[in-house]
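To start, the structure under review is shown below, and the notes come after it.
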Amino acid sequence: MTLTEKVLARSAGRTLLQAGDNVWTSVDILLTHDVCGPGTIGVFKREFGENARVWDRKKIVITPDHYIFTCDSKCNRNVDILRDFAKEQDLPYFYDVIDAKPGERWVFDPAKGNKISQYGSRYAGVCHSAVAEKGHTRPGEVMIGTDSHTCSAGAFNMFSTGVGNTDAGFVMGTGKILLKVPQTIYWNLEGMLRPGVMAKDIILHIIGELSVDGATYMALQFGGDGASALTMEDRMTIANMAIEAGGKNGIFEFDDTTRRFVDERCKLNGTKSDYTPVERDKDEKFFSSYSVDVNKLEPTVACHPNPGMRKLARELRTEKLDRAYLGSCTGGKTSDFYAAAEILRGREVKIPTFAVPATPEVEGDMKTLTIGGKTLWQIFEDAGVLMSANPGCAACLGGPIDTFGRMNQAGTCISTTNRNFPGRMGAKEARIFLASPATVAASAVAGSVADPRDYLQ
Ligand code: SF4
């Protein structure tokens, strides 16, 4: 069996299964957020009753993260709905925006500006980064989330996928989900990335090979010495975008890098620390199998209007830009900002450039990690980047009109985010180009798409 088949077989209590089988699977973690959480709760209450209890209070993780730092009252209300539900159900893993006093409601104050943090001590930021940081990603387990990029957690040797509110409401009541076992496409990653080339370039290359629907309802399994050499943050970037090729999930092998990250995070947060990874079988059967020599990859860009429109950054040097954006679960992690800071150090951006840390922990790292005696935060500010001290999804998904960095009108933006269909970051006339943090930083300095290798220092 493949890694995906092995996780699902164990979860379904089967010794053997194969692609195409339909199995009732036991869910280890149900993840939801402010956009889909209220709808999921609505389905749960409608189907199971107003006084129903969730199937397992310790297996539900709720992370408000999408439309948070906005004056939109309906968005603010969504956070309050989550808080009320978490209180009603006594959920230990609700990462509230504020340290709410009894009866207190969430209200964003725009008068404070973007550099004043408005979140409380438990706020965790973007869900896919938050579940890893907070110790909810355990090898060999099944995570279901009301977010298409839930596949991100496949970096941790999990089966992890996104579903709609109806399925999630059912999981909330029963802990079960009926899944068709996906076929697997295997990607053997060989060699090491060269300077200026990042994990984002690997996945943009792969999506360019597959197109946006070439892996529809399939698992992408990543292995090889190139995969082993990647950090957990790199693996998350790659697994995160499996969905952009239509994939059901992405999955990596378990190794010491995984073990160290997971053990440290579970210990730090006091979450369940026992788990059983899945390992590769000799007789695993793939739908297809490919090799990528990552040493040969170059900085890569997905052009408007979809993540499969692959070109090399150096082929796009005449493409003028109006904006650059650094953030999201794909490109808003500490290592992402570190790579961008290495390019921005001692330089100024030519176009409006926005940076939003994915989580409070990333924000903290940016304010403490240094390059050449300056913090990453200071390097960004000195370069003229507009910073937000309120981590979250921000403009990755467009959001309400007052969202930091949102494309409110036509224009071309280069972004570290993961999706660029029309309207994704706001105005449907806006053109979005997806690239690595290094490429986005270099392009911000150049004012047009740039190859970061020309800016390495
Ligand atoms: S950062 Fe973007 S892709 Fe990630 S969870 Fe938020 S909206 Fe989705």
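The values are calculated or read from the model by the stated rules, or taken from the named source; none is laboratory data. Note that the structure is predicted; figures quoted are calculated from it, not measured. Here Cβ is always computed from backbone atoms with ideal geometry, including for glycine, and neighbour counts include all displayed protein chains.
Output the residue which, of all residues in segment 298-323 that are touching a Phe, Trp or Tyr at 6+ places or on another chain (Cβ under 8 Å) and within 16 Å of the ligand (Cβ to nearest atom), is farthest from residue 149 (Cα to Cα).
Of everything passing the filter in segment 298-323, 302 is farthest from residue 149 (Cα to Cα).
Inside segment 130-211, counting only strands (runs of 3 or more DSSP E) that do not spill past its ends, which hold 3 or more residues that are within 16 Å of the ligand (Cβ to nearest atom) and buried (at least 22 other Cβ atoms within 10 Å of the Cβ)?
Of the strands (runs of 3 or more DSSP E) lying wholly inside segment 130-211, those with at least 3 residues that are within 16 Å of the ligand (Cβ to nearest atom) and buried (at least 22 other Cβ atoms within 10 Å of the Cβ) span 142-145.
Within segment 392-419, how many residues are within 12 Å of the ligand (Cβ to nearest atom) and crowded, with 24+ Cβ neighbours inside 10 Å?
12
Return the residue satisfying two criteria in turn: it lies in segment 420-435 and is among the hydrophobic types (A, V, I, L, M, F, W, C) and crowded, with 19+ Cβ neighbours inside 10 Å, and of such residues it is nearest to residue 69 (Cα to Cα).
Within segment 420-435, the match that is nearest to residue 69 (Cα to Cα) is 425.
Being modelled with pLDDT of 95 or more and farther than 24 Å from residue 431 by Cβ is the requirement here; does residue 301 meet it?
no
With the structure loaded, tell me whether residue 389 is surrounded by fewer than 22 Cβ atoms within 10 Å (Cβ to Cβ), more than 14 Å from residue 323 (Cβ to Cβ) and modelled with pLDDT of 95 or more or whether it fails that test.
yes
Name, by its number, the condition in (1) under 30 Å from residue 381 (Cα atoms); (2) buried (at least 17 other Cβ atoms within 10 Å of the Cβ) that does not hold for residue 111.
Every listed condition holds for residue 111 apart from (2).
Among the listed residues 335, 289, 328, which satisfies the condition of being in the same structural domain as residue 235 (by TED's automatic domain parsing), of a type in the set (Gly, Ala, Ser) and either within 30 Å of residue 444 (Cβ to Cβ) or in contact (Cβ under 8 Å) with a residue 60 or more places away in the chain (or both)?
Residue meeting the stated conditions: 289.
Among the residues of segment 439-449, are any within 16 Å of the ligand (Cβ to nearest atom), in a loop (DSSP other than H, G, I, E, B) and crowded, with 24+ Cβ neighbours inside 10 Å?
no
Is segment 342-359 home to any residue that is within 30 Å of residue 206 (Cα to Cα), crowded, with 24+ Cβ neighbours inside 10 Å, aliphatic (A, V, I, L, M) and away from the ligand (no atom under 16 Å from the Cβ)?
Checked against the condition, which is being within 30 Å of residue 206 (Cα to Cα), crowded, with 24+ Cβ neighbours inside 10 Å, aliphatic (A, V, I, L, M) and away from the ligand (no atom under 16 Å from the Cβ), segment 342-359 yields at least one hit.
Here are 320, 285, 311: which of them is of a type in the set (Lys, Arg), more than 25 Å from residue 413 (Cβ to Cβ) and surrounded by fewer than 21 Cβ atoms within 10 Å (Cβ to Cβ)?
285
Out of (1) within 16 Å of the ligand (Cβ to nearest atom); (2) over 23 Å from residue 401 (Cβ atoms); (3) acidic (Asp, Glu), what's the single condition that is false for residue 90?
All conditions pass for residue 90, except number (1).
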